[in-house]
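Q: Could you have a look at this structure, given as structure tokens, before my questions?
The values are calculated or read from the model by the stated rules, or taken from the named source; none is laboratory data. Keep in mind that this is a model prediction, so the values were computed, not measured. Quick reminder, even Gly has a Cβ in these numbers, built from the backbone with ideal geometry, and neighbours come from all protein chains shown.
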Amino acid sequence: MSGIASKAPSSHTAGDRSRFSGRRVLLGLLFVIAGFSCAGCASYHLGNQYLYRSDIRTVHVMIFESDSARRYLGQRMTEAVIKDIELNTPLVITDPQIADSFIRGRIISDTKRAVAENKYDEPRTLRVAWRVEVDWVDRAGVPLMQLQSVIITRDAEFIPEAGQSMSTAQQRIIEQAARDILSQMQTPW
């Protein structure tokens, strides 16, 4: 026998080597991503439960009072706020006897004025504007919003000739104001 050992032919082809190097690159990328996620984004959270106070779990929404002569505006506003809280927050709507917190609101101003008129002084475009005062307090009466009381001002235009009505404009204002209330309930960054 000679002192030279013969080499067995390699079972790995060039395609296998590129597959292994591709796996190494992928594995390296995964380690880099995992390292960055642990280091730089350690306090980053997903989900809406982190947008709201963790010490408050339940809320009771009192029926909004209304200084307007128009009927049922307070009830409609209350309904919209409850619906938005249920859909977009981790808070649970509950009875006042067991609630951690309370939302109180009042529609303090409801105006309607003509924005555009035709040559006969008939209104063609009208604007409805509301001012809503809201506060969110805990059981002891301590304010939970950034401000003790928040004034939300919203308006909407409608064109009766286009089939729009005062009711549709009011509903737009109600939905926008309810979203504004939820944004005020979020904890500051």
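Q: Answer yes or no as to whether P96 is farther than 19 Å from Q186 by Cα, modelled with pLDDT under 90 and in contact with a strand residue (DSSP E or B) (Cβ under 7 Å, 6 or more places away or on another chain).
A: no
Q: Moving on. For the stretch 119-129, check the following and say yes or no: at least one residue is farther than 25 Å from R70 by Cβ, assigned by TED's automatic domain parsing to the domain that holds R179, among the hydroxyl-bearing types (S, T, Y) and without any contact (Cβ under 8 Å) to a residue 40 or more places away in the chain.
A: yes
Q: Can we say Q164 is in a loop (DSSP other than H, G, I, E, B) and under 21 Å from V115 (Cα atoms)?
A: Details: in a loop (DSSP other than H, G, I, E, B): yes; under 21 Å from V115 (Cα atoms): yes.
Considered against the rule, which asks whether it is in a loop (DSSP other than H, G, I, E, B) and under 21 Å from V115 (Cα atoms), Q164 comes out as yes.
Q: May I pose another question? May I ask you to list the residues in the stretch 96-117 that are in a strand (DSSP E or B), of a type outside the set (G, A, S) and closer than 21 Å to V81 by Cβ?
A: Result: F102, I103, R104, R106, I107, I108, D110.
Q: Something else now. Could you list, in sequence order, all residues of the stretch 74-95 that are in contact with an Asp or Glu (Cβ under 7 Å, 6 or more places away or on another chain) and not in a strand (DSSP E or B)? So that I can check it myself, show each step before the final result.
A: Within the stretch 74-95, the subset in contact with an Asp or Glu (Cβ under 7 Å, 6 or more places away or on another chain) is 74, 80, 93.
G74, A80 - these are the residues of the stretch 74-95 that are in contact with an Asp or Glu (Cβ under 7 Å, 6 or more places away or on another chain) and not in a strand (DSSP E or B).
Q: Give me the pairs, please: first residue somewhere in the stretch 97-117 and assigned by TED's automatic domain parsing to the domain that holds R76 and surrounded by 14 or more Cβ atoms within 10 Å (Cβ to Cβ), second residue anywhere and assigned to a loop (DSSP other than H, G, I, E, B) and of a type in the set (S, T, N, Q), beta-carbon distance under 7 Å, and either six or more positions apart or on two chains.
A: I107/S68; D110/S68
Q: Considering only residues that are part of a strand (DSSP E or B) and modelled with pLDDT under 90, look in the stretch 118-150 and name the one that is nearest to L73 (Cα to Cα). Walk me through it before giving the result.
A: Going through the stretch 118-150, the residues part of a strand (DSSP E or B) turn out to be 123-138, 143, 150.
When the remaining residues are screened for being modelled with pLDDT under 90, the result is 123-124, 150.
Values: P123: 23, R124: 24, V150: 18 Å.
If we take residues in the stretch 118-150 being part of a strand (DSSP E or B) and modelled with pLDDT under 90, then V150 is nearest to L73 (Cα to Cα).
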